[in-house]
Every structure is written in structure tokens, then in C-alpha cells.
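Inspection log for the structure reproduced underneath, given as C-alpha cells.
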């Protein structure tokens, strides 16, 4: 049986459609409004024979807020089938010079997590790593902000951030932590080998032990009129620089 904490609801036509097309194995059941009119999406649900229920007026399943804009369709997913252990992924993964993993180290705002995953998908990141503790899980808000890209790239679960970094270093990956006081600019970094980019908590940044574990800390040079970027914007800017070093996609 799926435990409650392994179950979440995602919503909206685009997000649910992406889940059906890219990760149908994670869907447990779908709720549609009585007047739902997207015939193509309904046909996809019927072809996959996903258990479907009528969504009661002014009600949402699970713990979704009553005022969420679900566009008449909500899917319950099993997140244990969406997230995979990092160790099992590494056994079958092929690392290239332009391989990049994005490790979220205690990013707790679902909107930031969704935005980071969307940027990772857009720039061709190979996998996104999410720790079990002190980290926003994949929720409906994460899926919505990610524009459904939570279903389009590998999401890897790690138990301990620093242990994961050491394992990735042993696998031949360099590890860069994003920090305002980093000694090296993202423009000066060596992006020519498999890399892990680590972003910390929105308020406190990277933990001290994580800073020490990373091979190097990177900073984003700022114009004097701006002190810093928020976590999601910093990730997007860094990924744009990394992709500039590898203008073609090999994953």
C-alpha cells in the first residue's frame, strides 16, 4: 500500500497530460470535473485505463487548497515511482564531459524547487537530486511551477547530501557549490568534465559541511546595484553559463 507521505496530487491539463505521456506508471487515479471538455486528454486516460472519478463541485481531493486552479483535472501520483535512488541510477548512467547533475540541498520553497527543475530540463541537466530531509518534496505546486517537467527528467533521491557528494566525486564528478563568497566566478569554472552543481537553502545557503565537501565554491558576478539573486534565479543563470560551454546536447 502507498503510504500517505508517498502520495501527492498534481493538477492542470498540461501537467496531467505530461504525466500521462512521460510517466504513466506514477499515476494512481485521476479526478475530472463533470463538465471537463478536453476530449483528447480524456481519450488518453481511457486508453491507459487509469481509474477515473468525477471531481465534486467546489471540492478537491487530498490536501489541495480549495481555491487551486486545477482546470478540472487532478491526478494522484505515487512519488516512490517518480523518484529513484541515486545509487541505482549511477550504476546504469553514462557520464559525458557535459554531464551535469543539479543537487538541491535543503531548498524548501516548492515554487523554487519547481522553477529549478524546469530550468534543469530546459538546459539539458542530466538529473536532479533531492535529499530526503529538510527539502521540499515533489508536490502539486512543484509540478505546476515546473510546467510538468518533473515527469521528463530523472529525479534522484539522496539520504545525506554530503555522503552523496563524496559518492559522486568517487564516480569522477567535480562538485561545485553556489555561494556568494565563492572564490571562482561561474564564468571561470571548468565545465569540461562531469559536474555536480549544488544549491543551498534559500535563507542560509549551503551548510558549512557541504561547503567543505564541495571541490570548489562558485559565485555569480553581480552588478553593484544588485546584492544577490534568489536561489532559482541563481541556478538558471549558472546553468546558462554551463550550457554556453556545451552548446550542443548529448543526453
- Check off (1) modelled with pLDDT under 95; (2) in contact with a strand residue (DSSP E or B) (Cβ under 7 Å, 6 or more places away or on another chain) for residue 89 and give me the number that stays unchecked. (1)
- Message: Suppose we keep only residues that are crowded, with 19+ Cβ neighbours inside 10 Å and touching a strand residue (DSSP E or B) at 6+ places or on another chain (Cβ under 8 Å) within segment 221-251. Which one would you say is nearest to residue 204 (Cα to Cα)?
- Response: 231
- Query: Which residue out of 205, 159 is on the phi > 0 side of the Ramachandran plot and either without any contact (Cβ under 8 Å) to a residue 60 or more places away in the chain or surrounded by 15 or more Cβ atoms within 10 Å (Cβ to Cβ) (or both)?
  - Reply: 205
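The values are calculated or read from the model by the stated rules, or taken from the named source; none is laboratory data. None of these values were measured; they are calculated from a predicted model. All Cβ positions, even for glycine, are placed from backbone atoms using ideal geometry, and neighbour counts span all protein chains on display.
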